Amino acid sequence: MIKRITFPGRYIQGPGVINKIGKYVTTYGKKALILGSPSGLKATEEAMMKSLAETNIETIIDHNFGRECSYEEVSRLANIGNDEKADIVIGVGGGKALDTAKAVAHKLRAKTIIVPTVASSDAACTAVSVMYTPDHVFKGYQFYSTNPDLIAVDTNVIARSPVRLLISGMGDALATWWESNARASAYAKDLTCGGSRPGHITMAALTLAKLCYDTLLKCGVEARRSCEEGVSTPALEEIVEANTLLSSVAVENTGTAAAHSIYDGFTILGQKHKLYHGEVVAFGTVVQLILEGQPEKDLYEVINFCDNVGLPYTLADMNLADITDEELMEVAKRTTDPAEFIHGYTFPVTPESVFDSIKAADSMGIAFKERK
Ligand SMILES: [Zn+2]
């Protein structure tokens, strides 16, 4: 059986990492194009520029990032990098800024350095950018043959980032083990884009997925408290690693299953729910477990975790208490679009079975709250 696994080149994490970034970057090149979100640059710019200057790395910093990872924005930034002969691209911020940095570096054939300032997505470590139009409409995926060269995560910066983004990152990471497990045990089809089928998944990827889940259960509540206080603790550091490294490597090398298709389903409601990606994915994980017929013990473990850290597990938690059955059926239909990975299961998945599983997840969550 042919198996494969892909990793980022180097991953460095800890309090104060940003103060030493020059030392880490120096082996990759001489001139860096730096781009990022306004909040990401605000949190890192001073320390980063000082450290890069100390190691004689030339810098061009762009403060005009348009907040969307579009081909237009990538071209604009690549032109700057080209004119300045940058051999390193440093992306600072959350998912969109990091995806843009990967795309710009790819265009310039430059080294990719990633500085996440929130721990809410898998964008930091993966070899893909999610592309949108400048008006924020999803366009497609751009895959790369290699992962970012270096990821440098300063946990002091993450500790001071919005706590809801850390929790949302935990929601996204929560799905990783269950989706990897589904890929490894309950999938029949070869879904080449974004994942593997049973037998093609490495032990390493599955082990990292399980470690990610166990870390969430062990450190999630304490990490939330640390972030609320704005301090870096061992628990916060473990959650940052789970959200940023473990979840990314696992999902990139196993793939998604029902939870992310359910997320896609809820996108038809627009921003009606006012939730972040990982928050919807957390509810999607509960629905996936019901759809798969997982034991109650596992379901309650997931619901209890969501309750403890503040992730939604009922429709009311998702600001959707008044959703109609017709709207919910539209969500279920979008979830089961033929292109969705939810169809990899050994059993058929229909709009009706998704609809029923969402309803069951909601009533289970309500009953859980009543018993608390
Ligand atoms: Zn996700």
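The values are calculated or read from the model by the stated rules, or taken from the named source; none is laboratory data. Predicted model only: the values in this text are computed from it and were never measured. Cβ coordinates were reconstructed from backbone atoms using ideal geometry, including for glycine residues, and neighbour counts include every protein chain displayed. Note: accessible area is taken over every heavy atom of the protein model, side chains too, but ligands, DNA and RNA are not part of it. Shrake-Rupley method; radii C 1.70, N 1.55, O 1.52, S 1.80 Å.
The residue among 312, 248, 363 whose Cα reaches farthest toward the positive pole of the charge dipole of region 163-371, with charges on the beta-carbon of Lys, Arg, Asp and Glu, is 248. 5 Å is the cut-off here: which amide hydrogens, built 1.01 Å from N in the peptide plane, fall below it relative to residue 111, excluding neighbours closer than 5 in sequence? When sequence neighbours closer than 5 places are left aside, the close amide H contacts are 88, 89. For region 15-22, 3J(HN,Hα) computed residue by residue from phi via the Karplus equation (6.51, -1.76, 1.60; θ = phi - 60°) reads x, x, 4, 4, 5, 10, 4, x Hz, glycine and proline entered as x.
Which one, 230, 112, 209, is farthest towards the positive end of the dipole of the chain when Lys and Arg carry +1 and Asp and Glu -1 on their Cβ? Value: 112. Express as a percent, rounded to the nearest 5, the fraction of DSSP beta bridges in the chain (both residues included) that run antiparallel. Bridges in the chain are about 25 percent antiparallel. Taking amide H atoms as placed 1.01 Å from N in the peptide plane, the amide H of residue 151 lies under 5 Å from those of 10, 11, 12, 114, each 5 or more residues away in sequence or on another chain. Computed with every protein chain present, the accessible area of residue 138 is close to 100 Å² [probe 1.4 Å].
Once the Cβ-Cβ distance of residue 62 and residue 229 is raised to the sixth power relative to R0 = 30 Å, the FRET efficiency obtained is 0.35. Charge dipole (Cα centre; +1 on Lys/Arg Cβ, -1 on Asp/Glu Cβ; no other charges) of region 200-281 amounts to roughly 280 debye. The heavy atoms of residue 27 offer some 110 square angstrom of accessible surface to a 1.4 angstrom probe. Between the residues 239, 180, 82, the greatest Cα displacement towards the positive end of the dipole of the chain, with unit charges on the Cβ of Lys, Arg, Asp and Glu, is found for 82. If only the Cβ of Lys and Arg carry +1 and only the Cβ of Asp and Glu carry -1, the dipole of region 11-159 around its Cα centre is close to 260 debye. Using a cut-off of 22 Å between Cα atoms, the listed pairs 20/42; 272/333; 20/111; 272/372; 111/139; 218/272 include 272/372; 111/139; 218/272 as exceeding that distance. Here the Karplus relation 6.51 cos²θ - 1.76 cosθ + 1.60, evaluated at θ = phi - 60°, turns the backbone of region 68-76 into coupling constants of 9, 8, 10, 4, 5, 5, 4, 5, 4 Hz, with x for every Gly and Pro. Short-range pairs are left out: with C-alpha atoms under 8 Å and at least six residues apart, the relative contact order of region 163-371 is 27 percent. If r is the Cβ-Cβ distance from residue 1 to residue 138 and R0 is 41 Å, what FRET efficiency results, to the nearest 0.05? About 0.75, to the nearest 0.05. Note on residue 296: accessible area is roughly 120 Å² with a 1.4 Å probe, heavy atoms of protein only. Global dimensions of the chain from alpha-carbon coordinates: Rg and Dmax equal 20.3, 63 Å.
Altogether, the Stokes-Einstein calculation at 25 °C and 0.890 mPa s, with the Kirkwood radius of region 55-125 over Cα pairs as Rh, returns a diffusion coefficient of 202 µm²/s.
Computed extension gain for residue 363 through residue 347, at 0.36 nm per residue and net of the alpha carbon distance, reaches 3.4 nm. Placing +1 on each Lys and Arg Cβ and -1 on each Asp and Glu Cβ, with no other charges, gives the chain a dipole about its Cα centre of roughly 1100 debye.
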